[in-house]
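Since the structure comes first, as structure tokens, the remarks are kept for the end.
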Amino acid sequence: MSPAGLYLHVPFCLHKCAYCDFVSYPYFSALAQAYLEGLRCEVSWWRRLQDNSARFATLYLGGGTPTCLPFAFLEEIFNLLRQSFSFLPRAEVTIEANPETFSAELARRLKDWGVNRVSIGMQALRPEHLRLLGRGHTFKEVVAAVDACHRVGLTNINLDLIYGFPGQSLADWREALRVAVELGPTHISTYALELEEHTPLGRQVAAGKISLAEEEAVRAMYLEAIDVLESRGYRHYELSNFARPGRECRHNLGYWRLLPYLGLGPAAHSFWAGKRWANAPALPTYLDLLSRGLSPVVEETVLSSEDARSEAMILGLRLRRGVHRSWFAARFGVVLEEVYGPVLQRLQQQGLLEWEGGWLRLSREALPVANQALLHFV
Ligand code: SF4
């Protein structure tokens, strides 16, 4: 079996950001204790079902804000996962962190628990932008978190940045990118703001109180990120992700390369042995199912070969390298052009797809309209 990824969803945050549509709850000790109990049940459930031969190459604690949990809880989680699953010797272990939950002591503990990659939510630079997004931290706290990591030798750091929010100019974005690079992260993820109407920011936009950036402005910001970050030595390896050479996120690469992964916790998704499944998104439902000895899985799909091929293209073409002809043939026993001939021809004629060596990839012109181009493979 290919090396797998293990994901844990930690559904707690200190407070809710104004644009957030993720499954997260305000942190309460009793609720976190119940979550931990649920997690223990889910882990034993999984271990009963499987032959336990899986070897994990990556572990990713995401959320939510995993670092809002007290040290004792985090330690219990790491112990539980290490006792229950088998990890490869140089496994990548990432934790998502928000700056207001960070401290020098946390950095030391993370190092002790085997974390070797920290993903910090910087999101924006200016105080008024952080306020608009409802973030609970200052830029100074971002600097302190990065510094705390560096001091203990946690040098593999990602910074998350958002663009295209109301009131942000191209100059603001350029400045946020410049300052982020100055902090010396090995990886930067940039996300265009997407708003759901039920979020506080989404409601303000729907009510006409503030307006989102124009599509053209968002596109300019995306292209600016590519220019700035590439000129500063970051490789644009995936539509939204940039890394110093060799510092690509191995866990996320697994998603785009269709490697197996197991997701634990409420709202977690898994892809294993040709099946995709999703856990109950709401924490109470997830806990209730497990407390009754039932599986927390509420949705399961067995991928047909056609679905799997389509996913391979949609996910693989997100990578700047693209999809290799031989990989596709080895994985699916069929030649890529035989399956997608007319689509490839159309997209190549439009200048959106190109071949380089055996790699099929999106052209540079296709990047701002990548999602529309990828729809052709559905
Ligand atoms: S920190 Fe992340 S998960 Fe938590 S509320 Fe903010 S956006 Fe949502």
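Suppose we filter the range 91-109 for residues that are part of a strand (DSSP E or B) and either away from the ligand (no atom under 16 Å from the Cβ) or free of Cβ contacts under 8 Å to residues at least 24 places away in the same chain (or both); how many remain?
Number of matching residues: 3.
So that you can scan it fast, the table gives a plain yes or no per residue for (1) buried (at least 20 other Cβ atoms within 10 Å of the Cβ); (2) among the aliphatic types (A, V, I, L, M); (3) under 22 Å from PRO266 (Cβ atoms); (4) within 16 Å of the ligand (Cβ to nearest atom):
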site	(1), (2), (3), (4)
PRO66	yes, no, yes, yes
LEU69	yes, yes, yes, yes
GLU75	no, no, yes, no
PRO89	no, no, no, no
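Report, by residue number, each residue of the range 45-64 that is small (Gly, Ala, Ser) and either closer than 27 Å to ILE120 by Cβ or within 16 Å of the ligand (Cβ to nearest atom) (or both).
Of everything in the range 45-64, those that are small (Gly, Ala, Ser) and either closer than 27 Å to ILE120 by Cβ or within 16 Å of the ligand (Cβ to nearest atom) (or both) turn out to be ALA57, GLY62, GLY63, GLY64.
Mind listing whichever residues of the range 270-283 are more than 17 Å from GLY63 (Cβ to Cβ) and out of contact with any Phe, Trp or Tyr (no Cβ under 9 Å at 6 or more places or on another chain)?
Residues satisfying the conditions are ALA273, GLY274, LYS275, ARG276.
Conditions (1) in contact (Cβ under 8 Å) with a residue 12 or more places away in the chain; (2) open to solvent by less than 10 Å² (accessible area, probe 1.4 Å); (3) in contact with a helix residue (DSSP H, G or I) (Cβ under 8 Å, 6 or more places away or on another chain); (4) under 30 Å from LEU177 (Cβ atoms), marked per residue:
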| residue | (1), (2), (3), (4) |
| --- | --- |
| ARG219 | yes, no, yes, yes |
| LEU223 | yes, no, yes, yes |
| TRP277 | yes, no, no, no |
| PRO284 | no, no, no, no |
| LEU287 | yes, no, yes, no |
| VAL297 | yes, no, no, no |
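Taking the residues in the range 5-44 that are open to solvent by 20 Å² or more (accessible area, probe 1.4 Å) and away from the ligand (no atom under 16 Å from the Cβ) as candidates, determine which candidate is nearest to SER86 (Cα to Cα).
The selected residue is SER44.
Checking GLY134 against (1) touching a strand residue (DSSP E or B) at 6+ places or on another chain (Cβ under 8 Å); (2) under 23 Å from TYR19 (Cβ atoms); (3) in a loop (DSSP other than H, G, I, E, B); (4) not hydroxyl-bearing (Ser, Thr, Tyr), only one condition comes out false. Which one?
(1)
Please return the ranges of strands (runs of 3 or more DSSP E) entirely within the range 210-322 where 3 or more residues are over 24 Å from VAL10 (Cα atoms).
Details: elements: 235-238, 241-243, 261-264, 269-272, 275-279, 297-302.
Once the strands (runs of 3 or more DSSP E) in the range 210-322 are filtered for at least 3 residues that are over 24 Å from VAL10 (Cα atoms), what remains is 235-238.
Condition first: within 16 Å of the ligand (Cβ to nearest atom), crowded, with 23+ Cβ neighbours inside 10 Å and aliphatic (A, V, I, L, M). Now tell me which residues in the range 125-146 satisfy that.
Once the filter is applied, which keeps residues that are within 16 Å of the ligand (Cβ to nearest atom), crowded, with 23+ Cβ neighbours inside 10 Å and aliphatic (A, V, I, L, M), the range 125-146 yields VAL142, ALA145.
The values are calculated or read from the model by the stated rules, or taken from the named source; none is laboratory data. Bear in mind the structure is a predicted one, so any value in this text is a computation, not a measurement. Neighbour counts are summed over all protein chains in view; Cβ atoms, including those assigned to glycine, are modelled from backbone coordinates with ideal geometry. Heavy atoms of the whole protein, side chains included, go into the accessibility calculation; ligands, DNA and RNA do not. Shrake-Rupley method; radii C 1.70, N 1.55, O 1.52, S 1.80 Å.
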